[in-house]
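What follows is a single structure, and I will ask about it in a moment.
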Amino acid sequence: MNLHEYQGKEMLNSFGVQIQRGIVAQTPAEAVAAAKKLTEDTGTGWHVIKAQVHAGGRGKGGGVKLAKNLEEVEKIAGQIIGMHLVTPQTSAEGKLVNQVLVAEDVYYPGETETSEFYMSVLMNRATGRNMIMYSTEGGMDIEAVAENTPHLIFTEEIDPALGLLGFQARKIAFNLGLSGKAFKEMTKFVSALYTAYVKSDSSLFEINPVLKTSDERVIAVDAKVTIDDNALFRHKDYAELRDLREENPVEVEAKAVGLSYVDLDGNVGCMVNGAGLAMATMDLIKQAGGDPANFLDVGGTADAERVEIAFNLILKDPNVKAILVNIFGGIVRCDRVAQGIIDAYKSIGNIEVPIIVRLEGTNADIAKKLIDESGLDVYSVIEFQEAADKVQEVLA
């Protein structure tokens, strides 16, 4: 589950991570009120107006701007709220901005210069350990830094039995070139950040940039936080932060009825029971010359109602040119699934794309006979290769 920047910062701050302070606003009037409040609390005269959408690169799309007075706060907030923000991480249509974060200006003048760093916490799946990735090149696309100057990317792996040790936090501060007060502030920042990552059951923290201010403070100016959905039962308060407006509506609908669905960009819809079989089916479609339009695991109770819901979800995608149903009948009987497919087909009606059905396992022979004798425009196959050949045939 992704959080908005303001939500992520609030969560980090609750664990002692120092942040750029800000107030979320839904309207230009609320933005002005937020700016006034920040001026009273922090003394800031300028304010940063940031679009709150689940996408990076907001500044490149005009979603992050500096306001030097209250009139500019109102004007800029009015321009950003309601716009469709297009960034390198959105579709061509962009994302509708429903709210902005009015934040304090932390790039104030001082005796020393500011410095921007990149820092993230995530799982290194190759080693099964959490790691902190960091760089002196903050405020930039980390992908470009990794490609052009890989020597500027550092990583620190954490032993799960020991947690983050003091020398590791100090090593990070040293590699970032810090000394004095800023060195101590960075070690505190890193320790608090890792504690927040573990205790919140997150799968990704990305802070870009982490800022060393001119008065030697270390703060998170941005925050991308992704929480592990599987751990939300332990964090009821975090679950309430989900913004369904930012998520794919078909995926939201699927989740509401207990289906595992991920929208993709292909032309062959998939309906499968079991995540492993679903992945294998997607590979099969690719080998047959198609592209999966979705990942859809209907689980072990593929009855008529569930199959009908799954069909409706798949058919919402106008790019779908064929549907492949691949069910292994272990716990569920194939004949019941076949009857569910027939009932769902008749209930929906006007299905204009070819449907290929492979049912294997308990009562598979009865299931095939039901499909073959249904009189519906459904192709029944037995072998994986036969399914691949049929996909290739209907797409030709």
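Throughout, read-outs are computed from the coordinates displayed, never taken from laboratory work. In this text the structure is predicted, and so the values were computed from the model without any measurement. Every residue, glycine among them, receives a Cβ derived from its backbone with ideal geometry; neighbour counts consider all protein chains shown.
Do we have Ala231 as in contact (Cβ under 8 Å) with a residue 40 or more places away in the chain, in a helix (DSSP H, G or I) and aliphatic (A, V, I, L, M) here? Break it down stepwise before answering.
Working: in contact (Cβ under 8 Å) with a residue 40 or more places away in the chain: no; in a helix (DSSP H, G or I): yes; aliphatic (A, V, I, L, M): yes.
No, not satisfied.
Restricting to the range 31-53, what's the tally of residues that are polar (S, T, N, Q) and touching a His at 6+ places or on another chain (Cβ under 6 Å)? First the steps, then the outcome.
From the range 31-53, those polar (S, T, N, Q) are 39, 42, 44, 52; that's our starting set.
Subsequent filtering for residues that are touching a His at 6+ places or on another chain (Cβ under 6 Å) retains 52.
The qualifying residues number 1.
Going by what's in this entry, would Ala367 be described as surrounded by 19 or more Cβ atoms within 10 Å (Cβ to Cβ), within 36 Å of the chain's Cα centre (by Cα) and among the hydrophobic types (A, V, I, L, M, F, W, C)? Quick ask: steps written out before the conclusion?
Numbers: surrounded by 19 or more Cβ atoms within 10 Å (Cβ to Cβ): yes; within 36 Å of the chain's Cα centre (by Cα): no; among the hydrophobic types (A, V, I, L, M, F, W, C): yes.
Taking the combined requirement at face value, the residue does not satisfy it.
Applying the selection to the range 266-282, what residues are surrounded by fewer than 21 Cβ atoms within 10 Å (Cβ to Cβ) and touching a strand residue (DSSP E or B) at 6+ places or on another chain (Cβ under 9 Å)? Give the derivation first.
Taking the range 266-282 and keeping what is surrounded by fewer than 21 Cβ atoms within 10 Å (Cβ to Cβ), we get 266-267, 274-277, 279-280.
Scanning the range 266-282 gives Gly266, Asn267, Gly274, Ala275, Leu277, Met279, Ala280.
Of the conditions (1) touching a residue at least 24 places away in the same chain (Cβ under 8 Å); (2) surrounded by fewer than 19 Cβ atoms within 10 Å (Cβ to Cβ), Leu244 satisfies every one except a single condition; which number is it?
Going through (1) touching a residue at least 24 places away in the same chain (Cβ under 8 Å); (2) surrounded by fewer than 19 Cβ atoms within 10 Å (Cβ to Cβ) one by one, Leu244 breaks only (1).
Does the range 79-129 hold any residues that are assigned to a strand (DSSP E or B), of a type in the set (A, V, I, L, M) and under 28 Å from Gln26 (Cβ atoms), and which are they?
In the first step, residues of the range 79-129 are kept if they are assigned to a strand (DSSP E or B); the result is 84-85, 95-96, 100-104, 115-124, 129.
Now drop any that are not of a type in the set (A, V, I, L, M), which leaves 85, 96, 100-103, 119, 121-123.
Of everything in the range 79-129, those that are assigned to a strand (DSSP E or B), of a type in the set (A, V, I, L, M) and under 28 Å from Gln26 (Cβ atoms) turn out to be Leu85, Leu96, Val100, Leu101, Val102, Ala103.
If you don't mind, there's one more thing I want to ask. Can you find a residue that is among the basic types (Lys, Arg) and surrounded by fewer than 16 Cβ atoms within 10 Å (Cβ to Cβ) anywhere in the range 193-204?
The first filter runs over the range 193-204 and keeps only residues among the basic types (Lys, Arg), leaving 199.
After this cut, where a residue has to be surrounded by fewer than 16 Cβ atoms within 10 Å (Cβ to Cβ) as well, the list is 199.
Yes, the conditions are met somewhere in the range 193-204.
Restricting attention to the range 339-388, which residues are within 17 Å of Met282 (Cβ to Cβ) and part of a helix (DSSP H, G or I)?
Within the range 339-388, Phe384, Gln385, Ala387, Ala388 meet the criteria.
Please specify each residue of the range 259-277 satisfying the condition of being touching a residue at least 24 places away in the same chain (Cβ under 8 Å) and among the aliphatic types (A, V, I, L, M).
Leu259, Val262, Leu264, Val268, Met271, Val272, Leu277
Would you please name the residue that is surrounded by the fewest Cβ atoms within 10 Å (Cβ to Cβ), looking only at residues in the range 130-165 that are assigned to a helix (DSSP H, G or I) and without any contact (Cβ under 8 Å) to a residue 24 or more places away in the chain? Break it down stepwise before answering.
Initially, the range 130-165 is screened for residues assigned to a helix (DSSP H, G or I), giving 142-148, 150-152.
Those still in the list that are without any contact (Cβ under 8 Å) to a residue 24 or more places away in the chain too: 143-144, 146-148, 150-152.
Details: Glu143: 9, Ala144: 10, Ala146: 14, Glu147: 10, Asn148: 11, Pro150: 9, His151: 7, Leu152: 16.
Looking at the filtered set, the residue picked out is His151.
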